[in-house]
1. Between THR173, THR124, THR118, which is within 19 Å of ALA67 (Cβ to Cβ) and β-branched (Val, Ile, Thr)?
2. Looking at (1) touching a Phe, Trp or Tyr at 6+ places or on another chain (Cβ under 8 Å); (2) modelled with pLDDT under 95; (3) part of a helix (DSSP H, G or I), can you tell me which one ARG194 breaks?
3. From the list ARG94, ARG73, ARG112, exactly one residue is open to solvent by 50 Å² or more (accessible area, probe 1.4 Å), in contact with a Pro (Cβ under 7 Å, 6 or more places away or on another chain) and free of Cβ contacts under 8 Å to residues at least 40 places away in the same chain. Which is it?
4. Out of THR189, THR118, report the one residue that is over 17 Å from PHE36 (Cα atoms), among the polar types (S, T, N, Q) and open to solvent by 30 Å² or more (accessible area, probe 1.4 Å).
5. Going by the structure shown, is ALA22 at pLDDT below 95, in a helix (DSSP H, G or I) and more than 25 Å from ARG147 (Cβ to Cβ)?
6. Which residues, taken from the range 145-185, are assigned to a helix (DSSP H, G or I) and free of Cβ contacts under 8 Å to residues at least 40 places away in the same chain?
Amino acid sequence: MARRRNPETSGGTLLSAARLGAFLVLGVLLAGFLAFSVHVAGLEPDESARGDAIIVLTGGEGRLAVATELLERRAGSRLLISGVHPDVTPDELRAAMGTSAPLFDCCVDLGREAADTTGNAIETAGWVSEQGFDRVLIVTSDYHLPRSLLEMRARMPDVELVAYPVRSPRPWTDVHSARRWVLEYLKFTAVWVRYSVSNPHA
């Protein structure tokens with residue numbers, strides 16, 4: 001005589017499997033975040049780095065000051081500020097940079113089309129191609145660098161991208177920083193998966 005399947009037992013098995021699956025996914029994400037944090041925390045700017053040009057992505061504290069300092073010591077011949085808000089005037093931006101009018105007028109380009117990191121990559125790729133640059137410094141917050149480089153390398157595979165991280169508060173210092181790093185890790189993971197699926201042999 002065939003044994004009758006117990007719905008309660010089956011339901012309990014499925015629930016246990018779901019819990020185990022959720023636990024495994026959470027564990028993988030946690031391990032990935034720890035690896036991401038250790039990697040980012042170890043990023044240091046190379047003070048001797050030089051390129052044909054400098055690109056700074058707006059949106060993070062200290063980025064503009066670092067990019068301005070690099071331009072003033074001629075680490076690159078031109079500076080693109082990608083993601084400038086449409087309402088910000090050149091005079092306001094120059095004042096925020098604290099640089100001279102001659103240097104700003106000769107060597108700073110404003111990119112106003114980018115609204116996110118993907119937009120930064122598209123805007124940057126167009127500018128680099130138009131200017132004919134082969135090696136550029138990418139200035140952005142350290143936690144933002146991995147995703148920025150992924151997006152940019154996908155659009156500029158033949159250009160040498162030199163990461164120049166701007167230090168930010170670590171995720172273990174306060175809740176705000178922890179939330180920012182976790183969100184960035186999730187965005188990075190999504191972009192990494194997208195490019196891995198679309199171009200698995202890259």
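1. THR124
2. (1)
3. Just one listed residue meets the conditions, ARG112.
4. Result: THR118 is the single residue among THR189, THR118 that is over 17 Å from PHE36 (Cα atoms), among the polar types (S, T, N, Q) and open to solvent by 30 Å² or more (accessible area, probe 1.4 Å).
5. Yes: the conditions hold for ALA22.
6. Of everything in the range 145-185, those that are assigned to a helix (DSSP H, G or I) and free of Cβ contacts under 8 Å to residues at least 40 places away in the same chain turn out to be LEU149, MET152, ARG153, ARG155, VAL175, HIS176, SER177, ALA178, ARG179, ARG180, LEU183.
The values are calculated or read from the model by the stated rules, or taken from the named source; none is laboratory data. Here the structure is a predicted model, which is why all the values come from computation and not from measurement. Glycine gets a Cβ as well: all are built from the backbone with ideal geometry, and neighbour counts include every protein chain shown. For the accessible areas, the whole protein counts, side chains as well, though only heavy atoms, and no ligand, DNA or RNA atoms are used. Shrake-Rupley method; radii C 1.70, N 1.55, O 1.52, S 1.80 Å.
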